[in-house]
Structures are given as C-alpha cells and as structure tokens.
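Asker: Below is the structure I would like to discuss, written out as structure tokens.
No value in this document is a laboratory result; all are computed from the given coordinates. The structure presented is a predicted model; accordingly, all values stated were derived computationally and were not measured. Neighbour counts run over all protein chains shown; Cβ positions are idealised from the backbone, glycine included.
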Amino acid sequence: MTISSHQNAIKRYGKEVADLQKKISSEKEKEAKIYKDISNLTSQINRSKTGTTLKTKMSRLVTLNKNLSSAQNKVAEYQKKLSGKQHSLQSEQVKLDKALKQNEKKNETDRKKVRQLETKHQNFVTSSLRTQVLLHNEMKESPLMIDLAKLPEKITVLFFAANPKDQHQLKLDEEIRDVMQKIRASEHRDAIELKARWAVRSHDLLGVNH
C-alpha cells in the first residue's frame with residue numbers, strides 16, 4: 001500500500017473509533033438513568049401496601065432490568081468493536097511509519113545519487129578547466145607560437161626557383177602565380193612582399209641573408 005492509502009485508512013479507522021466511543025458513552029448514560037430508575041422503583045415497591053400497585057411496579061422493574069441488560073450488551077458489543085478498530089488503527093500507524101521511513105530512505109538514496117552526479121560533474125568541469133589552463137600555458141611557452149605584436153609591419157617572402165635541365169621540367173611560373181593570387185586575396189596582403197629568385201644554384205643560398 002502507498003503512504004496515502006495508509007493515511008486514508010488511519011483517517012477512516014479514527015472516525016470509526018470516535019463513533020464507537022460516542023455510542024458507548026450514550027449507552028452508559030442510559031445505564032446510569034436505568035440504575036437510577038430501578039433504585040427509585042425499588043424504594044417505591046418497598047413502600048407499596050396494595051397488591052395492585054405492587055404488581056404494576058414489579059412489572060415496571062422487570063422492564064427496566066431488560067433495558068439495563070440490553071444497554072450493557074450494547075456497551076460490551078461496542079467495546080469489542082472498539083478494541084478491533086483501535087488495533088487496526090495502531091497497525092495502520094505502524095505500517096505508515098514504516099512506509100515513511102522507507103520513502104525517506106529512498107529519497108536520501110536519490111539525493112545521494114544527485115550529489116554524486118553533481119560532484120562528478122564539478123570534478124569534470126574543474127579538470128577540464130585545469131587542462132585548458134595547462135594547454136594555454138604550454139602554447140604560450142611553445143616556440144611554435146607567434147607573438148603578433150613582435151612581428152614587423154611588412155614581411156618579405158623569398159621564392160627560390162630552380163629547374164635543372166637534366167630533370168623533369170617544373171611549372172614554376174604557375175606556382176609563383178598561384179602564390180601571388182593567394183597573397184592578394186588575403187586580409188594582410190599589404191603586409192607581405194613576395195620576391196622571386198629564378199635559376200637559383202646551391203651556392204647562391206649561402207648569401208640569402210645578405
């Protein structure tokens with residue numbers, strides 16, 4: 001049964017217990033009144049002097065005793081039912097307490113899983129950020145990184161070309177034309193100066209810095 005089912009059962013048993021207690025109280029009030037009537041009638045019988053009056057009062061006394069017995073039987077019946085309902089009420093309360101504890105345990109398990117997932121996510125984010133910082137620092141220190149602020153305003157690009165006669169002829173003019181087109185189409189075309197040197201020999205490269 002669900003928690004709400006136990007709560008509804010407790011509410012129902014609680015109402016039934018209250019109704020039985022009210023009925024028992026009502027029957028006991030009847031008993032008290034009958035006892036009082038019997039007491040008064042008994043006194044009257046003791047003072048009666050005529051047979052007719054005595055017979056009438058004795059008949060009345062029998063009726064009162066029957067009513068008293070009926071009231072007592074009803075009280076006993078209601079008390080028996082009351083005991084059963086109270087037992088059922090207590091049983092449902094125990095079941096409800098158990099269900100609430102189980103539900104709380106489940107909720108705590110779910111909250112623990114959520115906390116673990118949050119911690120795992122936080123650790124992942126922290127680890128990722130740490131990795132990014134390390135990579136950033138390594139890239140800053142890497143000789144392959146170019147500090148644009150230290151670059152000259154204009155860069156000279158040398159294109160050395162050689163086409164040995166004893167080998168397959170290269171299309172050097174087409175290559176230099178493609179390079180020039182790429183430079184002209186670039187954003188920083190004005191910062192690049194392309195110079196071509198043709199028929200370069202191996203010993204010509206020794207004076208490239210001059």
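Asker: Under 30 Å Cα-Cα from K171, which lysines qualify once same-chain neighbours fewer than 8 residues away are excluded?
Answerer: Within the straight-line limit of under 30 Å, K171 reaches these lysines: K154, K182, K195.
Asker: Report the trypsin sites (Lys or Arg not before Pro) located in segment 93-132 that are in a DSSP loop and have at most 14 other Cβ atoms inside 10 Å of their Cβ, or state none. Walk me through the numbers on the way to the answer.
Answerer: On the way: sites: K95, K98, K101, K105, K106, R111, K112, K113, R115, K120, R130; in loops: none.
Passing sites in segment 93-132 do not exist.
Asker: Which loop-located GluC sites (Glu not before Pro) does segment 169-205 contain, where loop means any DSSP state but H, G, I, E or B and the Cβ has at most 14 other Cβ atoms within 10 Å?
Answerer: Here the GluC sites (Glu not before Pro) that fit, given the DSSP loop and packing criteria, are E187.
Asker: What Kirkwood hydrodynamic radius, in Å, does segment 148-207 give when the mean of 1/r is taken over all pairs of distinct Cα atoms and then inverted?
Answerer: 13.4
Asker: Give me the extension gain from K171 to S5: residue separation times 0.36 nm, minus the current Cα-Cα distance, reported in nm with one decimal.
Answerer: Here the answer is 50.7 nm.
Asker: What aspartates and glutamates could a cross-link reach from K23, if we take a straight Cα to Cα line under 17 Å and drop same-chain neighbours fewer than 8 places away?
Answerer: Once the sequence-local aspartates and glutamates are set aside, what remains near K23 is E31, E77.
Asker: Further, regarding this structure: With labels modelled as points extended 7 Å from the Cα through the Cβ direction, what inter-label distance (nm, one decimal) is found for K66 paired with K30?
Answerer: 1.4
Asker: Let me ask you something else. Give me the orientation-averaged projected area of the Cα convex hull of the chain, in nm², one decimal.
Answerer: So the Cα hull casts an average projection of 29.8 nm².
Asker: What are the aspartates and glutamates whose alpha-carbon lies under 13 Å from the alpha-carbon of K57, with same-chain residues fewer than 8 places away excluded?
Answerer: Straight-distance partners of K57: D37.
Asker: Something else: Given Cβ point charges of +1 (Lys, Arg) and -1 (Asp, Glu) and nothing else, what value in debye, to the nearest 20, does the dipole of the chain about its Cα centre take?
Answerer: The calculation lands at about 3320 debye.
Asker: A follow-up question, please. Would you calculate, for the chain, the mean residue ellipticity at 222 nm contributed by helices, counting each DSSP H stretch of 4 or more residues as -39,500 (n - 2.57) and dividing by all residues, to the nearest 500?
Answerer: Mean residue ellipticity, 222 nm, calculated: -27000 deg cm²/dmol.
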